[in-house]
Amino acid sequence: MLALRLTRFDHLVDIGRIPTLRTVDHSDGGVTVGAMVRQHEIEDSAEIARTVPLLHAATPLIGHFQIRSRGTVGGSIAHADPAAEYPAVALALDAELEIIGPDGRRVVPATEFFHGMWSTSVSDGEVLTSVRFPEWGTGSGFAVEEVARRHGDFAIAGAACGLQVADGSISRATIALFGMDQVPRRATAAEAALIGARADEADLLAAGQLAVEGMEPSDDLHASGALRLRIGATVVRRALTTALARATEQSA
């Protein structure tokens, strides 16, 4: 925001060295990531790759390694750029976000956290302190796909997807689109259409089309709304294809 001259501040406060904001805790079927955990720490973590693979898969797509060495999990989510990967991951995984301020602590589900471009539930005087991601367990597979003009650029459109397979059928599905609206969007109709389908018969092309049905992305310098719809359907299909292959392999 500062580099693009979109805003300026009278004061900047560095919270990067507060120890409680730099921890990663595994408990009760979930992983709680402190808001100031660096993105490169997520990228380099074998434990995150095992427990929250969607978060791990999204990280290399964020900017360049210089950005990931300074950027944080909480910073990306609280910034709420509509083309960013981490907000979509939080939405796809039904993450819970802890916010602390003068009136105490509160937890907001990801479905209620994003209000609009660069706008969230965090009020003046509050700080996002951690994000809790549920673990899906065995038989699950995840993937993130996006299209950008160059690697490291903002995504024209992208999808974060997860599938869980049990007894040869899809038992759980999540699809979150980014770069398609002012906030990341869950494709609930496409998710519902996939649940119950045989893993070897699932129509992922139709799921991709259904995922963008009814969406009206805007035109800008990077792409028209019509192009975004085509890209959105394609990246959903690609992400679901990879996620399904991984889930099937795990469930075998």
Residue list for segment 145-189, restricted to those being out of contact with any strand residue (DSSP E or B) (no Cβ under 7 Å at 6 or more places or on another chain), outside any loop (DSSP other than H, G, I, E, B) and not small (Gly, Ala, Ser): 188
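Say we look at segment 204-237 and pick out the residues that are out of contact with any helix residue (DSSP H, G or I) (no Cβ under 6 Å at 6 or more places or on another chain) and crowded, with 19+ Cβ neighbours inside 10 Å; which of these is nearest to residue 191 (Cα to Cα)?
235
Identify all residues within segment 195-252 that are small (Gly, Ala, Ser) and not in a helix (DSSP H, G or I); write none if there are none.
196, 197, 199, 202, 214, 218, 223, 224, 252 - these are the residues of segment 195-252 that are small (Gly, Ala, Ser) and not in a helix (DSSP H, G or I).
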Given (1) in contact with a strand residue (DSSP E or B) (Cβ under 6 Å, 6 or more places away or on another chain); (2) closer than 18 Å to residue 88 by Cα, index of the condition residue 197 fails: (2)
Pairs with Cβ under 7 Å, 6+ apart, first in segment 130-150 and under 15 Å from residue 84 (Cα atoms), second assigned to a loop (DSSP other than H, G, I, E, B): 146/155; 147/155; 147/156; 148/154; 148/155; 148/156; 149/222
Residue 17, sole failed condition from (1) over 29 Å from residue 148 (Cβ atoms); (2) in contact with a strand residue (DSSP E or B) (Cβ under 6 Å, 6 or more places away or on another chain): (2)
Test: residue in segment 74-92 that is surrounded by fewer than 19 Cβ atoms within 10 Å (Cβ to Cβ) and without any contact (Cβ under 8 Å) to a residue 24 or more places away in the chain: no
Strands (runs of 3 or more DSSP E) (entirely within segment 101-142) containing at least 1 residues that are of a type in the set (Lys, Arg), touching a His at 6+ places or on another chain (Cβ under 7 Å) and surrounded by 11 or more Cβ atoms within 10 Å (Cβ to Cβ): none
Which listed residue is modelled with pLDDT of 95 or more and under 16 Å from the mean Cα position of the chain (by Cα), from 131, 127, 122: 131
All positions within segment 100-125 that are out of contact with any Phe, Trp or Tyr (no Cβ under 9 Å at 6 or more places or on another chain) and closer than 30 Å to residue 64 by Cβ: 110, 113, 114, 115, 116, 117, 118, 119
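The values are calculated or read from the model by the stated rules, or taken from the named source; none is laboratory data. Only a predicted model underlies this, so the values are computations on that prediction, with no experimental measurement involved. A quick note on method: Cβ atoms are made from the backbone with ideal geometry, for glycine too, and the neighbour counts reach across all protein chains shown.
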